[in-house]
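K.L.:
Below: one structure in C-alpha cells.
Every number here is computed from the coordinates shown, using simple stated rules; none is lab data. Predicted model, so just to flag it, every value in this text is computed and none were measured. Using ideal geometry, Cβ is built from the backbone for each residue, glycine included, and neighbour counts are taken over all protein chains shown.
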Amino acid sequence: MPQQGWSAKRERQYEHIKDSALERGEDEDTAKEIAARTVNKERARAGESEQASRTSTDDISSGRRGGLRSHAGAKGRTKDQLYQEAKRKNIKGRSKMTKAELLAALDDR
C-alpha cells in the first residue's frame, strides 16, 4: 500500500510499522492499514501532505502516543478525546469526570 508521493524515509517507516503490526499478530490487511494511516498522519504533522485534518496536526505524535500506551495494550480514545466528544454532546459535569466516567457517560447516550 505504499503510495507514490511518499519519500524513501516514509516507505521505510511504512514497512517498519507494518512488520511490527504483523509481529503483534495483526492480519496483513490490518497491518497495512495501520502503517498507511500512521505514515499519512506523520506526513501531515510534518507539513508534507496537501491536506491535513485537525486531529492529525493537533493530537500527540504517533510515536509518543504509542510510547505512552506501550505495555498496556490498546486503550482506545484518550481522555481528552472523550472530553471533547462529551463537550460536543453537552454532557454536564464532564470537567470533573475521570476517563472511565466520561466513557460511561458517552456510552449512555
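K.L.:
Modelled label-to-label distance, Thr78 and Ala104, 7 Å Cα→beta-carbon offset: nm?
P.N.:
Roughly 2.4 nm, to one decimal.
K.L.:
What lysines could a cross-link reach from Lys87, if we take a straight Cα to Cα line under 28 Å and drop same-chain neighbours fewer than 8 places away?
P.N.:
Cα-Cα hits under 28 Å: Lys41, Lys75, Lys79, Lys96, Lys99.
K.L.:
Separate question: Tell me which aspartates and glutamates have Cα within less than 14 Å of Lys92's Cα, excluding those fewer than 8 residues away on the same chain?
P.N.:
The qualifying aspartates and glutamates are Glu101, Asp108.
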